[in-house]
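The structure appears below as structure tokens.
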Amino acid sequence: MIERFGEFISTNKEDDLALYTAKPEDGAVWITGASEGIGKAVARSLASKGFIVYASARSADKLKALADSVSGRGEIVPLSLDVTDREACDKAVRKILDEAGSLSVTILNAGTYVPQRANDLKFEDFDKTLDVNVGGVLNGLLPSIDAMKQAGRGQIAIVASVAGYGGLPKNGAYGLSKAGLINLAETLKFDLDRMNIKMQVITPGFIDTPLTEKNDFSMPFLMDVDEAAKRVVRGLEGQRFEITFPRRFTYLIKLVNHFAYPLYFLAVRKITGG
Ligand SMILES: NC(=O)c1ccc[n+]([C@@H]2O[C@H](COP(=O)([O-])OP(=O)(O)OC[C@H]3O[C@@H](n4cnc5c(N)ncnc54)[C@H](OP(=O)(O)O)[C@@H]3O)[C@@H](O)[C@H]2O)c1
């Protein structure tokens, strides 16, 4: 029985599936949440590899500065929008298709985090977080799939978080949104594989960005944003479904999530300080 399972695993390695990986000449990249943090660093890195990167966020001035700072083979094209605006996201994809001819990669990265304690839960915090983190992803996802379906190929990466693996302190709305994104990516992968659209989920631990600046505790294995971008880009070039880093931390959290609950709560309290 165990032998058979081993055989099944060895003949079904993710690496053997060889899903589509975009090259700069295939078409443009669209990345949301590119005015700051991880999105900005990934946009830069992909442009340096020769991609035309359409960079979206609400801050038009920051996107322009980012575009102006790039020189070399690739290019960053500012495309300011609010991801909660469904029509704007739809228009963005159409604009990319009109201008670049094809959309080969979409990275749905825009996200927000509001720390919450259970003694002070506010509907506004849940609404805001779910609108951006879930609604914003769906608004970019559906038109991207449509465009890639027509082209017969594409790559989509959804930025979730280790906070989506299981409950963490202060992560009520955020964890809810990121757990949903992981499940969504897993679910869609079954169909998208057959459509030659590579679906990946990105699950960072703590990365040094404006988003984590509001944390008032010491963040274990905090990673530099350029290093995080390197991991993202390497992951996009690979075949693994999950792109996760820093692995020493994210694998630990993964492991802890398999513990029985009394041990899980104890371990998470220890790791996060509760
Ligand atoms: N940093 C971490 O430790 C960490 C860990 C796990 C997961 N993540 C995830 O990684 C992603 C990026 O995080 P980050 O740390 O780079 O965050 P960040 O530095 O705060 O940047 C967030 C980006 O999202 C954009 N954004 C926010 N709301 C938006 C909206 N309504 N419409 C369009 N753009 C919007 C922001 O630009 P504007 O304000 O200009 O719109 C900004 O460019 C997020 O999904 C986050 O949840 C981060």
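Counting other Cβ atoms within 10 Å as a rough exposure proxy, the listed residues ILE253, ILE31 run ILE253, ILE31 from fewest neighbours to most. In whole percents, the pair-distance distribution calculated for region 21-247 from its alpha-carbon pairs, binned every 5 Å from zero, is 1, 7, 15, 20, 22, 17, 10, 5, 2, 0, 0. Among LEU222, LEU168, LEU255, the residue with the largest mean-square fluctuation in a Gaussian network model of the chain, with springs joining Cα atoms closer than 10 Å, is LEU255. Go through GLY140, THR250, LEU46 and say which Cα lies farthest out towards the positive end of the charge dipole of the chain; charges sit on Cβ, +1 for Lys and Arg, -1 for Asp and Glu. About the Cα centre, the residue reaching furthest to the positive side is THR250. Along its first, second and third principal axes, ordered by size, region 93-176 spans 51, 23, 15 Å in Cα coordinates.
With 20 Å as the limit, the listed pairs LYS23/LYS91; LYS23/LYS49; LYS23/LYS198; LYS149/LYS230 have LYS23/LYS91; LYS149/LYS230 beyond it between alpha carbons. Computed 3J(HN,Hα) for region 103-116, one whole-Hz value per residue from the Karplus formula 6.51 cos²θ - 1.76 cosθ + 1.60 where θ = phi - 60°, is 10, 9, 9, 10, 10, 8, 10, 4, x, 9, 9, 10, x, 9, glycine and proline marked x.
Please get the size of the charge dipole for region 21-247, origin at its Cα centre, with Cβ charges of +1 on Lys and Arg and -1 on Asp and Glu, quoted in debye to the nearest 20. So the magnitude is around 500 debye. Between ASN171, ASN119, ASN109, the residue with the greatest mean-square fluctuation in the GNM of the chain (Cα pairs under 10 Å linked by springs) is ASN119. If you sort the three axes of the alpha carbon gyration tensor as a ≥ b ≥ c, you get a/c of 1.5 or more for region 49-125 and a/b above b/c, which makes it prolate.
In this structure, the amide hydrogen of VAL114, modeled 1.01 Å from its nitrogen in the peptide plane, lies closer than 5 angstrom to those of TYR174, counting only residues at least 5 positions away or on a different chain.
Proximity of backbone amide H atoms, modeled 1.01 Å from N, is registered between TYR54 and VAL29, TRP30, ILE31, VAL77 at under 5 Å, excluding neighbours fewer than 5 places apart on the same chain.
Of the residues MET195, ILE207, LEU266, the one whose Cα sits farthest towards the positive end of the charge dipole of the chain is LEU266 (charges of +1 on Lys and Arg Cβ, -1 on Asp and Glu Cβ, taken about the Cα centre).
In a DSSP loop and with at most 12 other Cβ atoms within 10 Å, the chymotrypsin sites (Phe, Trp or Tyr not before Pro) in region 190-263 are PHE217. Distance between the modelled labels on ARG269 and MET195, one decimal in nanometres: 4.6 nm (7 Å Cα→Cβ projection). Only Cα pairs under 8 Å and 6+ residues apart enter the sum, and on that basis the relative contact order of region 80-196 stands at 32 percent.
Cut-off 10 angstrom, C-alpha nodes, Gaussian network model of the chain. Which of ARG231, ARG248, ARG44 fluctuates the most? In the Gaussian network model the winner is ARG248.
In region 21-247, Cα pairs under 8 Å separated by at least six residues give a relative contact order of 20 percent.
Compared with the direct C-alpha span, the chain from GLU237 to PHE217 gains 3.8 nm at full extension, assuming 0.36 nm per residue. Take the Kirkwood radius over Cα pairs of region 141-239, plug it into Stokes-Einstein at 25 °C and 0.890 mPa s, and you get 165 µm²/s for translational diffusion.
Annotation: amide H-H contacts under 5 Å for GLN200 (H modelled 1.01 Å from N, sequence separation of 5 or more, or interchain): ILE156, ALA157, ILE158. Available extension along the chain between VAL114 and LYS91 is 5.4 nm, counting 0.36 nm per residue and deducting the alpha carbon span.
Read the figures in this text as sums done on the coordinates, not as results from a lab. Please read all numbers here as calculations on a predicted model, not as lab measurements. Neighbour counts run over all protein chains shown; Cβ positions are idealised from the backbone, glycine included.
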